[in-house]
Structures are given as structure tokens and as C-alpha cells.
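The values are calculated or read from the model by the stated rules, or taken from the named source; none is laboratory data. Because the structure is a prediction, the values reported are computed rather than measured. Reconstructed Cβ throughout: ideal geometry from the backbone, glycine too, with neighbour counts over all protein chains shown. Quick note on the areas: whole protein, heavy atoms, side chains included, nothing else; ligands and nucleic acids left out. Shrake-Rupley method; radii C 1.70, N 1.55, O 1.52, S 1.80 Å.
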Amino acid sequence: MSSQDRPVSSLKNKMKSSWPYTLAVAIIGFVALWIRILPSNTVFLSNGFVRFVSNDAWYHMRTLNLLLNNYPKRVFFNPMTEYPYGNYIHFGPLYDQMMAITSLILGLGHPSSELVNHIGAYFPAVLGALTVIPVYYIGKYLGGRKTGVLASILIAFAPGQFLSRSMIGFTDHHVAESLFSTFFIMFFMLALISAKKNKLSFEDIFNKRINVLKEPLIYSVIAGIMYSAYQLTWPGAPLFALIIMVYALFQYILNNLHKESSDYLGIVGIPTFFVSAILVLPFIHPDMGFQMFYYSWFHAVTAFGAMIGFVALSYIEKVFIKRELSSYYYPLAVFGIGIVGLIAVSIVSPSLYSIIINGPSTIFGIQQGGASTIAEASSIFYSGNNFTLSKVYGNFTAPGFIASLLGIFILIANIARRPKPQEVLILVWSVLILFAIFGQNRYAYYYSVNVAVLSAYVGGLLLEKVKWSELDEKFKANVKSSADIPGFLKFIRVEQVVAVLAILVVLVLPVYGSAMQYTHGSSDPNGEWLEASLWLRSNTPDPGMNYNAIYEAPKSGELFQYPSTAYGVMSWWDYGHFIEVIGHRMPNANPFQAGIGGRRGSINETNAPGAATFFTAQSEEEASAVLEAVDPRPDKAGARYIMSDSKMATNIFLAMPEWTLDTEGYFKPYWTGNGYQYLPSTRYFNSMESRLHIMDGNGLKQYRMVHETWAVQTQEVGYKQVYNFLFEGNIPEVNTGYVKIFEYVKGAKVTGTASPNETVKISTTIVTGQKRTFEYSQSASSDSKGRYEFTVPYSTDGPISGETQFDTAPSGPYKLSYGNKINEVRVSEEAVLKGEEVKV
């Protein structure tokens with residue numbers, strides 16, 4: 001055989017020996033996709049509506065449609081949210097571009113909205129299924145093909161956030177984060193393995209030894225591309241630059257202690273981050289300066305900084321070798337130079353220094369105050385102040401999480417010998433992501449990959465104990481076709497069968513069982529919010545904004561110039577995207593935690609206007625002052641409509657005062673006959689949220705209900721029972737509309753005269769669109785001359801063209817009573833909207 005024939009023959013042999021594993025991974029990938037698209041009936045509704053599963057999924061569909069309507073121009077500033085300021089878009093551009101290009105190709109340049117919605121819905125499922133590929137290769141190069149296959153099985157079924165965020169309809173960039181970050185680790189690992197195997201040195205570059213440089217450099221460049229893809233998916237990607245630099249630091253130190261060259265690390269790391277720095281530059285917004293979660297100079301500097309870090313670590317090593325210094329001083333030299341570098345950064349760029357110092361606590365630290373109420377930002381190990389493993393087991397299963405810790409301990413033990421670079425890389429990567437989920441459970445969809453790899457690594461070690469590799473060799477030698485399989489079975493030992501069953505029962509079946517619980521789909525957003533948002537779109541005035549247009553951001557220090565017809569919609573931040581994307585209206589607060597208001601540092605700060613301060617306000621006057629303060633322009637309220645749901649009034653109410661740092665007194669201990677129980681108190685029932693949702697706005701002067709959805713079973717009845725029992729109230733103890741929409745109006749001024757200092761009452765029966773009735777009333781005392789005045793929010797004459805087309809209104813005229821007299825009062829819609837006087 002000639003030398004030219006040997007590579008061809010070797011390649012054929014590799015293909016023959018690897019085809020069972022390639023086929024296995026392909027099958028696993030299709031199974032992973034099948035699991036993720038099972039609940040399609042909960043996404044594609046019978047009325048043709050597509051229900052995207054998460055808040056950010058709706059927003060991605062918004063930015064996707066804006067991109068397609070203005071292609072190739074992408075939205076960077078969105079004035080249709082966080083009214084009256086607008087939001088800069090911090091989402092990476094790549095995820096939307098991938099969906100847009102797919103839509104344009106399949107739609108032959110003109111994709112229909114139906115096609116776009118279907119592509120958006122299926123996209124996360126496809127990306128989730130593709131993740132089995134890099135996980136397989138990471139497992140393969142850590143512990144062999146058996147480890148790779150087992151890792152791909154475990155990630156295919158991995159429950160918790162990784163699965164939920166890659167299900168059909170969860171059109172968010174999270175699964176793309178997992179995919180590209182895992183591909184990045186995979187190619188960086190391959191580059192390390194290849195460079196170490198070829199014993200690369202910087203002299204190879206100077207001597208232009210292309211034959212040994214080619215493979216590791218190709219892997220390095222692809223790793224840089226994958227890091228860029230990850231970074232252009234999520235601006236928090238420098239987390240993985242930190243992981244690589246921590247790994248590099250440990251690897252350089254270990255190599256020096258073992259008297260090994262670290263040139264291969266520099267040859268891999270420098271081009272990786274050089275490529276990533278170049279690729280991210282076109283997407284930087286220079287006017288942003290240094291910001292962590294917007295595409296700013298920070299993202300280019302961190303990539304260049306990582307590249308310089310590899311240069312510095314390699315240079316320090318060369319100096320130590322040249323001067324024959326003890327390798328034990330290498331860590332001290334690196335630490336010292338690092339401190340000097342930080343001091344230099346603090347002088348040159350204090351804003352960059354602040355991010356470097358405070359950034360890690362943002363990721364690894366437990367959130368406090370209002371941020372602690374954000375579900376995905378809370379620690380995976382705590383529920384409130386109580387340590388718990390329930391969220392851990394829910395995301396990884398108990399055996400999976402324990403196996404991952406065992407894998408970490410084994411890799412740590414391996415450091416005592418001369419560990420392979422890939423082992424140190426996996427160890428550092430896994431430990432830092434474990435720290436990340438301690439700070440924020442959102443990183444569970446990252447750690448699922450680590451759990452899959454580490455659990456498979458432990459499983460692979462078990463298989464090695466029963467000599468699985470020998471069985472693998474016998475398979476290659478004896479099985480040439482499917483007809484040879486029965487004869488091969490005689491080589492299988494009992495202990496090998498037991499080991500496989502143990503892995504199946506302990507690792508695979510638990511994740512499979514947990515995964516199948518996610519195949520029922522989601523009902524979020526629920527039908528009530530869908531109906532209320534669509535009602536808002538159809539029955540409220542056009543705010544005068546082009547929904548499909550891309551607007552330029554205002555100049556620094558200036559406000560966006562909205563038309564005079566524009567207005568905001570006040571609700572809790574969870575629902576901002578529903579209001580914008582489904583309702584085509586402008587929320588004051590949104591799921592980017594913008595527009596919440598409140599305090600961030602201490603109780604002594606000014607309580608900034610926003611959703612938290614509005615809904616916790618203790619009087620109508622205080623709440624209205626917040627609305628007026630939301631918009632800094634004179635004579636312009638920050639919101640015209642308020643949307644509330646039963647969860648805001650019950651389950652999640654206490655999240656609101658957390659943002660104001662004033663949480664005391666909303667619930668107090670009351671004796672109930674069965675001991676003390678914490679129940680809603682006077683402060684709760686005085687809050688604007690309770691006045692609106694629990695009390696239906698009864699007695700408020702400038703807030704009127706204009707629509708409610710159907711009722712569902714909630715905790716509302718219990719809160720009303722507490723109010724009636726403890727505070728001698730008399731409100732009907734029934735569930736009312738799950739979502740209620742109120743309008744903030746000037747209110748008509750009903751004036752007249754009665755006897756001096758006499759009690760005067762005005763009331764009417766309100767009928768909602770659900771045919772529910774409730775009483776609206778106010779009472780006041782006339783002055784010394786018998787004069788009285790009421791400000792009432794409801795008109796008795798019905799809606800007018802161009803204004804709110806409300807379906808909730810008085811059943812007849814107001815009844816105004818004092819002494820023995822009862823007068824009927826009719827109030828026009830114009831009087832309510834303009835604040836006109838109605839004389840009795």
C-alpha cells in the first residue's frame with residue numbers, strides 16, 4: 001500500500017468503527033426533537049392563534065417581525081415599551097437573524113405571518129435537539145464514545161429549565177445560549193487536545209510548520225466564531241470568557257509546576273479571542289460606553305482582554321524559563337501583574353473597572369430587594385431565606401445532580417496526577433456554572449449540560465471497571481453486518497449487563513420520567529390575558545405610533561418625542577410584553593424590569609415613580625401623583641389604562657413592596673381560633689392594587705373599570721372573606737374577572753346644594769361585560785353653605801367614537817341622595833373625559 005493510500009484506508013476504518021455511534025447520536029437527536037414538539041396543540045390553538053410560551057418569546061416575535069418588515073435593518077431602540085422613555089434592545093441580533101433568514105428562505109422572500117409564527121415556535125425545539133451534538137463530542141473526548149453517547153442521551157431528556165426553554169413555543173434565546181456556549185467549549189477543547197497532542201510551540205509559528213498548526217488553529221478559529229455566536233445571542237457571554245481565563249490560569253500554573261510548556265495554550269487562546277473580538281466589533285454601540293448587558297465596548301474589550309491575558313501568561317512563563325525562576329513563584333507573579341492591571345484599568349476607565357469588580361457578584365451573588373422576587377434570578381438553593389434542594393432536583397433529578405458532584409470530585413482528584421487539559425477545562429467550567437446557579441437559577445439551563453457530561457463521565461468510569469472497551473473492540477472485530485450481532489452477544493458479561501442496567505435505572509430513567517412531565521405544554525399566557533390584550537387593541541384609542549416601524553433613539557439626555565395621542569398602560573412588569581405584542585399598546589413597565597420604580601439602595605432613597613409605587617400607593621391621590629410623575633412632561637399622565645389580574649392582587653402582591661424596600665405591615669398576625677395567621681391587613685386593603693382589583697375601584701374618583709375577563713378560581717374569595725371578617729366589610733365573596741382593565745380619567749364634577757353639613761351620597765349599579773354587577777358609591781358632607789361636589793369616573797351615556805369603547809358601565813343614571821331626597825344624575829362621556837361640571 002502506498003503512503004497516499006494509508007490516510008484513505010485509515011479514514012475508512014474510522015468511519016466503519018464510528019457509524020454505530022453516529023447513528024445513535026442521530027437517533028437521540030430526533031428523539032430529543034420529538035419530545036420538544038409533543039405539546040404543539042397547546043401552542044397552535046384551534047382559532048389559528050399561536051401561543052408563545054414565555055414573556056421574552058413574545059418579545060422575540062416582536063423584534064423578529066420588526067426585522068422582517070424592515071429587513072435588513074434591525075431595531076435597537078423601541079419606543080413601544082417602557083412609556084414614556086422607550087427601551088434600548090439588549091437582545092443579541094443573531095437569534096432573530098437566524099429565524100428571519102429561515103423565514104425568508106422558506107417564504108421565498110415574502111414569508112407569511114403564519115409561516116413566521118410556525119418557524120418561531122419550532123425554532124427552540126430544533127436548537128435544543130441540536131445540543132446533543134456538542135454534548136456528545138465533549139463527552140467523547142472526556143471519557144470515550146460511550147461517555148459521549150450517554151451524555152447525549154442525558155441532555156436529550158434533561159428536565160427542568162433546559163427542557164422547558166427548548167420546548168416548542170418557547171421562542172427565547174436561552175436555548176441558543178446553551179447551544180453556542182456548548183459548541184464553544186467543544187471546539188476550544190478540540191483545539192486544546194490537538195495542540196497538546198502536536199506539542200505545539202511558538203517556534204512552530206515562526207518556522208511556519210503549517211502541517212501541525214493547521215488543525216488546532218482551525219478549531220481555535222471555529223471556537224472564536226462560536227464564542228461570537230454566543231455573544232451575539234446574549235450580551236452576558238463574557239461569563240464564558242471568564243471561565244476560559246480561570247481555566248487558563250489553572251492550566252498555566254499546573255503546567256509550570258509539572259515543568260511542561262504552555263505554548264499550546266497561547267496558540268489556542270490568542271486566535272480564539274482575536275476572532276471573537278473582531279466579529280463583535282460591528283455590533284458595538286460606541287455611545288453606550290462600557291455596559292455589561294448592552295452591546296458596548298465592554299464586549300470587545302473583554303475579548304481583547306482575554307487574548308492579552310493569554311499573551312501575558314505565555315510571556316511570564318517564557319521569562320520564568322529564561323531566567324530559571326522557580327515555578328512556585330509563577331502564581332505570585334501572575335497575581336501581582338493582575339493587580340497592577342486592575343489598578344491601571346481603574347485609572348483609565350472607572351466604568352470598566354466597576355463592571356469587572358461588580359460583575360461577578362451580579363452572576364454569582366444572591367440577589368437582594370426587588371431583584372430577589374424575579375423567579376429566574378433567585379438562587380436555586382434557596383426559597384426565600386430557606387435552604388432547599390427541591391429546585392435542584394427539579395432541574396437535574398437527584399441522581400443526576402449527585403452524579404455531577406461526584407464527577408467534579410473525581411476531576412479534582414485527578415489534579416494530583418497530570419490531568420489532561422480537557423479534564424481541567426471541564427472541571428473549571430462545571431464549578432463556575434455551579435456557582436452561577438447558586439446566584440441565579442436561570443443558569444440551570446447551562447448546568448444541565450454539565451450534569452449530562454459529568455454524569456456520563458461517572459457512568460463511563462463504571463463501564464471501564466467492567467471492561468467495556470474490550471467489548472467495544474470485540475464488536476468492531478466481529479460485527480461486520482447486522483447478521484453478526486447474534487453471535488456477538490456471547491461476548492457480553494453479566495457484570496457489563498448489570499453496569500448498563502445500573503446506569504439506565506439511576507441516570508437515564510429519572511431524567512426521562514421528569515422530561516415527560518413537560519410534554520403537556522403550557523397555558524402561559526392564559527386565555528384571560530390573551531382576551532384582555534386583544535380587547536385592549538380593539539377598544540382603546542390608537543396611540544398614534546406605527547407599530548411596525550423602526551424609530552431612531554433620542555439623543556443622549558433627551559426624551560423620545562411621542563405624538564400627543566400617545567399614552568401608557570400601567571401593569572406589573574410581568575405583563576408588559578403581552579400589552580405591547582398582543583395588545584399593540586405601550587406598557588409603562590416590562591419584563592426587563594424597566595418601569596418598576598421604587599428604591600434600589602436603601603429605604604431613605606426617594607421612591608421613584610413606577611409600577612411598584614403605583615400599586616402599593618395607600619390612597620387614590622398618592623397613586624394619581626405617581627401616574628403624573630411617571631411622565632416628566634408637564635400636563636401629561638404616564639398612563640391612561642391600568643391592567644390588573646388576580647395574581648397581582650394575591651399571589652405576587654408582596655413582590656411589589658419588595659421593590660420599594662418598604663415591606664412591613666401589608667400582612668399581620670391575626671388570631672383566627674386556630675392560632676395566629678398572617679393575613680392581609682389595613683395597609684394591604686388600602687393599597688391601590690386592592691382598591692382596584694378586590695374592591696372593583698368602588699369609590700375612586702378618577703379610575704373606572706372598562707372591561708373584565710371571565711372569572712376563574714383564585715385566592716380572591718379568601719381575601720374578600722378576610723376583609724369582611726376583620727374589617728366589617730360587605731363585599732360579595734365571589735371570584736370576579738381574572739384580568740380587569742381600568743381607565744384613568746379626569747372625572748366629571750357633579751355639584752349641587754343640600755342642607756349645610758349634610759351627608760350626601762352618589763351611587764349607581766355597574767354592569768360589566770360579563771353581566772356581573774357591583775355597586776359604585778361615594779359619600780361626602782356638604783359645606784357650611786350646603787355645597788357639595790363629587791368627581792365621578794363613569795359616564796351614563798355610553799362610549800363615544802375615537803375614545804374607549806368600554807363594555808362596563810352604569811346600568812342607569814347615578815342616584816344622588818341626601819335627607820329624604822333622591823335625584824337622578826346623568827353624566828356624559830365628554831364630561832368625564834374633560835373634567836366638566838355637571839350641575840344638579
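Principal axis extents of the Cα atoms in region 767-840, from largest to smallest and rounded to whole angstrom, are 41, 27, 15. Size of region 53-100 from its Cα atoms: along the principal axes, largest to smallest, the extents are 30, 26, 17 Å.
Distances over 44 Å make up what percent of all Cα-Cα pairs in the chain? The partial results should precede the final answer.
Working: 137064 of 352380 pairs.
Percentage above 44 Å: 39.
If you average the sequence gap of Cα pairs under 8 Å that are 6 or more apart and divide by the length of region 252-358, what percent do you get for the contact order? Kindly include the intermediate steps, with their values, before the conclusion.
Numbers: 95 pairs, mean separation 28.2, N = 107.
Relative CO of region 252-358 lands at 26 percent.
Would you kindly calculate the translational diffusion coefficient of region 75-167, applying Stokes-Einstein with the Kirkwood radius from alpha carbon pairs, for 37 °C and a viscosity of 0.692 mPa s, and quote it in µm² s⁻¹ without decimals?
On the way: Rh = 15.9 Å.
Rounded, D is 206 µm²/s.
Where the alpha-carbon atoms of region 461-571 are placed on the principal axes, they occupy 83, 36, 29 Å, in descending order.
Rolling a 1.4 Å probe over the protein chains gives residue 707 an accessible area of about 10 Å². Could you list the residues of region 749-776 with an amide nitrogen less than 19 Å from a label point located 7 Å from the Cα of residue 836 in the Cα-to-C-beta direction? Zone members listed by number: 749-752. Plainly put, region 10-130 has a radius of gyration that is 1.11 times its Kirkwood radius, both from alpha-carbon atoms, as the Rg/Rh ratio.
Here region 201-300 yields Rg over Rh of 1.05, to two decimals, using C-alpha coordinates and the Kirkwood radius. Distance from a point 7 Å along Cα→Cβ of residue 710 to each backbone N in region 722-743: keep the residues under 20 Å and list them by number. Backbone N within reach: 734-741. Taken along the Cα-to-beta-carbon direction at a fixed 7 Å, the label points for residue 406 and residue 45 span 4.7 nm. Measuring nothing but alpha carbons in region 163-203 and taking Rh as the Kirkwood radius, the Rg to Rh ratio lands at 1.32. For a modelled paramagnetic label at residue 636, 7 Å from Cα along Cα-to-Cβ, the residues of region 551-590 in reach, with backbone nitrogen under 17 Å, are 551-570, 586-589.
For region 266-343, the convex hull drawn through the C-alpha positions has a volume of 98 cubic angstrom per residue. Nearest 10 degrees, 0 to 90: what angle lies between the long axis of helix 421-439 and the longest principal axis of the chain (Cα atoms)? Tilt of helix 421-439: around 10 degrees.
Putting +1 on Lys and Arg Cβ atoms and -1 on Asp and Glu Cβ atoms, find which of 83, 98, 798 reaches farthest to the positive end of the dipole of the chain. Selected residue: 98.
Computed from Cα positions, the angle between helix 238-257 and the longest principal axis of the chain comes to roughly 30 degrees. Note that region 688-800, at 25 °C in a medium of 0.890 mPa s, gets a Stokes-Einstein diffusion coefficient of 159 µm²/s from its Kirkwood radius over C-alpha pairs.
For region 331-372, the Kirkwood radius over C-alpha pairs fed into Stokes-Einstein at 37 °C and 0.692 mPa s yields D = 277 µm² per second.
Computed from the C-beta positions of residue 478 and residue 805, the FRET efficiency with R₀ = 60 Å rounds to 0.15. A simple spin-label model places pseudo-atoms 7 Å from Cα toward Cβ; at residue 69 and residue 787 they are separated by 5.1 nm. Compactness check for region 120-275: Cα Rg over 2.2 N^0.38 Å is 1.13.
Report the charge-dipole magnitude of the chain in Debye, nearest 20, computed about the Cα centre from +1 at each Lys and Arg Cβ and -1 at each Asp and Glu Cβ.
3220 debye
Estimated at the nearest 10 Å², the accessible area of residue 423 is 10 Å² with a 1.4 Å probe. Bridging of residue 701 to lysines at a Cα separation below 21 Å is possible for 636, 740, 746, 749, 761, 815, 834, 839, once same-chain residues fewer than 8 apart are set aside. Residue by residue, region 41-56 carries 3J(HN,Hα) couplings of 5, 8, 9, 9, 7, 4, 7, x, 6, 9, 9, 7, 7, 10, 4, 5 Hz when phi is fed to the Karplus relation 6.51 cos²θ - 1.76 cosθ + 1.60 (θ = phi - 60°); x denotes Gly or Pro. Return the tail of the calculated pair distribution for region 238-380, meaning the percent of Cα-Cα pairs more than 19 Å apart. That tail contains 60 percent of the Cα-Cα pairs. Treating r as the C-beta distance of residue 19 and residue 470 and R0 as 22 Å, the FRET efficiency rounds to 0.65.
State the number of lysine pairs found in region 125-212 whose Cα atoms come within less than 19 Å, restricting to pairs 8 or more positions apart or on distinct chains. Walk me through the numbers before you get to the answer.
Working: 140/196; 140/197; 196/208; 197/208; 199/208.
Lysine pair count for region 125-212: 5.
Computed from phi, the 3J(HN,Hα) profile of region 456-468 under the Karplus parametrisation 6.51, -1.76, 1.60 (θ = phi - 60°) reads 5, 4, 5, x, x, 5, 5, 5, 5, 5, 9, 6, 5 Hz, with x in place of Gly and Pro. Measuring spread by the Cα atoms of region 366-490 yields a radius of gyration and Dmax of 19.8, 66 Å.
How much of the accessible area of region 661-788, in percent, comes from carbon and sulfur atoms when a 1.4 Å probe is used? C and S atoms contribute 47 percent here.
For region 595-691, state the semi-axes of the equivalent ellipsoid (square roots of 5 times the eigenvalues of the alpha-carbon gyration tensor), sorted largest first and rounded to whole angstrom.
Details: eigenvalues 147, 44, 22 Å².
So the three semi-axes of region 595-691 are 27, 15, 11 Å.
Could you tell me how far the Cα centroid of region 230-262 sits from the Cα centroid of region 45-107, in Å? The two parts, judged by their Cα centres, are 34 Å apart.
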